[in-house]
1. Can you find even one residue in the range 39-50 that is open to solvent by less than 60 Å² (accessible area, probe 1.4 Å), at pLDDT below 95 and either within 12 Å of the ligand (Cβ to nearest atom) or small (Gly, Ala, Ser) (or both)?
2. For the range 10-21, give me the residue count where each residue is more than 9 Å from the ligand (Cβ to nearest atom) and either open to solvent by 10 Å² or more (accessible area, probe 1.4 Å) or in a loop (DSSP other than H, G, I, E, B) (or both).
3. Kindly evaluate residue 71 against the criterion of being open to solvent by 80 Å² or more (accessible area, probe 1.4 Å) and either more than 17 Å from the chain's Cα centre (by Cα) or more than 10 Å from the ligand (Cβ to nearest atom) (or both).
4. Among the residues of the range 109-124, how many are open to solvent by less than 70 Å² (accessible area, probe 1.4 Å) and either near the ligand (Cβ under 7 Å from one of its atoms) or modelled with pLDDT under 95 (or both)?
5. Taking residue 102, is it among the hydrophobic types (A, V, I, L, M, F, W, C), open to solvent by 50 Å² or more (accessible area, probe 1.4 Å) and at pLDDT 95 or above?
6. Name the single residue that is most open to solvent (accessible area, probe 1.4 Å) among those in the range 125-136 being of a type in the set (Gly, Ala, Ser) and touching a strand residue (DSSP E or B) at 6+ places or on another chain (Cβ under 8 Å).
Amino acid sequence: MKVLLGVDDSKFSEAAIEAVTRLMRPEQTEVCVLHVVEPLLLIPYYYMGQVASLETAQEKRLAEGKELVSRAAQRLTQAGYHVQTDVKEGDPRAMILDYAEAWSPDLIVVGSHGRKGLDRFLIGSVAESVARHAACSVLVVRLR
Ligand code: AMP
């Protein structure tokens, strides 16, 4: 089974990683750990003098994203899963869906909420959009 696991650096995403290890058999599961870095807004003129520092900031976020996926991958590899990782730039909602269309997972796993934490909504916007629009099944993992 191919599983696309969307991670950010939240406790909900941790719970999603844990759900994979709890529910899926390593020998039958191939996991792709994906993190999407949102682009920084580049407004011409206003940011003219700051483009270099914005680029540096984005590079830093991409590097942090790579760390994040490789930490998750390490845990999953140690648990016996076949794992690959990817870091993309874009809107996480659209990018996870596009990625799924290209990679064709059997299941997408995400946490119920993200870095912004629990709010008045039952699930966060990435989780909702993926659950609503993905062509495959989606597991939305809640914290217990
Ligand atoms: P949210 O809908 O933003 O509250 O996040 C819900 C879940 O979607 C998180 O627990 C992650 O599993 C996943 N997720 C959120 N943001 C990203 C991102 N930038 N890249 C990959 N997965 C994400």
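The values are calculated or read from the model by the stated rules, or taken from the named source; none is laboratory data. The structure presented is a predicted model; accordingly, all values stated were derived computationally and were not measured. We place every Cβ from the backbone using ideal geometry, glycine too, and count neighbours over all the protein chains shown. Keep in mind that these areas ignore ligands, DNA and RNA; they rest on the heavy atoms of the full protein, side chains included. Shrake-Rupley method; radii C 1.70, N 1.55, O 1.52, S 1.80 Å.
1. Looking through the range 39-50, none of the residues is open to solvent by less than 60 Å² (accessible area, probe 1.4 Å), at pLDDT below 95 and either within 12 Å of the ligand (Cβ to nearest atom) or small (Gly, Ala, Ser) (or both).
2. Number of matching residues: 2.
3. Yes.
4. 8
5. In short, yes.
6. 131
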